[in-house]
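Taking it in order: structure first as structure tokens, then the write-up.
Read-outs throughout are calculated quantities, based only on the coordinates presented, and are distinct from any laboratory measurement. In this text, all values refer to a predicted model and were calculated from it rather than measured experimentally. Here the Cβ is made from the backbone with ideal geometry for all residues, glycine too, and neighbour counts use every protein chain on show.
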Amino acid sequence: MSARWLGILWLVVALRASSVVAQDTARADLIFLDVGQGDAVLIRSPEGKTALIDAGGGSIVHLLTALGVDTIDLGLASHPHADHIGGMAEVLRTFAVRYYLDNGATHPTATYRSLMRQVERSDVVYLEAAARTIALGSVTLRILPPPAEGDHNNRSVGVVVEYGDFWAILTGDSEWAELEHFTTLGVPDVTVLKAAHHGSANGVTEAWLAATGPEVVVISVGAGNSYGHPHPGALSRYQAAATVYRTDVHGTITIRGARDGTVEVGTAAEAVGPVEMPAPAAANAESAVSAAGMDLSLHADAPGNDHYNLNGEYVVLRNTTSVSIAIGGWTLCDLARHCYTFPDDARIGPADSVTVFTGSGPDDPRHFYMGFRAAVWNNDGDVAVLADRAGRVVLRYAY
């Protein structure tokens, strides 16, 4: 991918690799931790070098330990709001952290003061948010300095991750003013975009999406949060531009990028694999519907707030034939790759139907639950794709 970097003198901090990994199997990992309403992203190079971008609103040590982390080469706080730095002091106490970088802005909260006391007590090397390049083995982090003035959100430190043709950009809680600032500095076309400000309406513009051109958007957000994140309008913009993943729906999200720019995505909810949807088994989707002897109806608009009535939205699959249809291992997905895989013994009896609810509940032969913690089916339009065990599309329903 081509970068459009304008007028930035890059300083270099080298975190040298201790080993060499074959390029044909090497991957750079971006792990978006499920920390509720907050941000925490672990970046890991093929050589095992790590950077932690933000640390959520509370303890994340158990999450990092489960990922095998014992040393963090760079800890970075995008800005001093509690949902981004709440777990950082404990991280500094628990792990060997080599460098620490923030935007230099102070904050009068106890959380911020506690963090800065820990920075002073530790052996970490403090870095200012100047335009600089930081090498994590074969992965490069380019720091986008925030503007000199603005509120805390609009002084978030930006980070561009580069590994061959795999690029990602993370901009904390940037709003319109800072996104314009970053665009003026020059931003690259990226593979992965972390949605700014948890998917808020003021964290995205058409110009920003055009400048970054993402293939995948990740929204770090808490289920049922009081802010209304992600905003429906922002979510629609992201979904029109890229494949969208959300920590409130998918849990922790792992994106593995190869040097050639290809990516695989895995989630706590389901190992998704490559982000492309499977190709239709037949050129005419309607012929696949007829051949399968099935129809589909979708109830997207649950009574009340969809996010608080998850089982008020559901999909009904009906067998229109006189024989039973085995659907074990089949998947039901929306356009943003929120997927459900049917149990191996699932089937639909002759002239019978099964219902798939978005939320949680006890499965039985006619009722299945996707297990998501937020609404899946968009009220203003979406696509339902039913694919068989081999990934062939059986039924595609757009509304």
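Looking at the chain, the DSSP beta bridges with both ends there are about 65 percent antiparallel. Which residue, Ile325, Gly359, Gly68, has the largest displacement toward the positive end of the dipole of the chain when charges sit on each Cβ (Lys, Arg +1; Asp, Glu -1)? About the Cα centre, the residue reaching furthest to the positive side is Gly68.
For a test of the definition: using alpha carbon positions, the gyration tensor, and the 1.5 limit on a/c, classify the stretch 85-200 as rounded, prolate or oblate. Judged from the Cα gyration tensor, the stretch 85-200 comes out oblate (a/c at least 1.5, b/c at or above a/b).
Which of Ser78, Ser297, Ser138 ends up with the largest GNM mean-square fluctuation for the chain, with Cα atoms connected below 10 Å? The residue that fluctuates most here is Ser297.
Distance distribution P(r), the stretch 37-79, all Cα-Cα pairs, bin width 10 angstrom from 0: 27, 61, 12, 0 percent.
Hey, with R₀ at 22 Å, roughly what FRET efficiency would Asp363 and Ala398 work out to, going by the Cβ-Cβ distance, to 0.05? List each step's numbers first, then the result.
Numbers: r = 27 Å, r/R0 = 1.24.
My answer for the efficiency is 0.20.
Rounded, prolate or oblate: which fits the stretch 162-225 when a ≥ b ≥ c are the square roots of the eigenvalues of the alpha-carbon gyration tensor, with rounded for a/c under 1.5 and prolate only if a/b beats b/c? The shape class here is oblate. In this structure the amide hydrogen of Asn103, modeled in the peptide plane, comes within under 5 Å of no amide hydrogen from residues 5 or more places off or on another chain.
With charges only on Cβ, +1 for K and R and -1 for D and E, what is the dipole size of the chain about its Cα centre, in debye, rounded to 20?
Working: 26 positive and 44 negative charges, 143 e Å.
The dipole magnitude comes to about 680 debye.
Roughly how many whole Å is it from the C-alpha centroid of the stretch 74-102 to that of the stretch 133-195? Centre-to-centre (Cα) distance: 18 Å. Between the alpha-carbon centres of the stretch 361-399 and the stretch 307-337 there is a gap of 5 Å.
Between Ser122, His79, Leu42, the Cα set farthest toward the positive side of the dipole of the chain (charges on each charged residue's Cβ, about the Cα centre) is that of Ser122. Please report, to two decimal places, log10 I(q)/I(0) for the chain at q = 0.08, 0.14 Å⁻¹ as given by the Debye formula with identical point scatterers on the Cα atoms and no solvent. For the chain at q = 0.08, 0.14 Å⁻¹, log10 I(q)/I(0) is -0.45, -1.19. Which shape class applies to the stretch 285-398: rounded if a/c is under 1.5, otherwise prolate when a/b exceeds b/c and oblate if not, where a ≥ b ≥ c are the square roots of the Cα gyration tensor eigenvalues? Here the stretch 285-398 falls in the prolate category.
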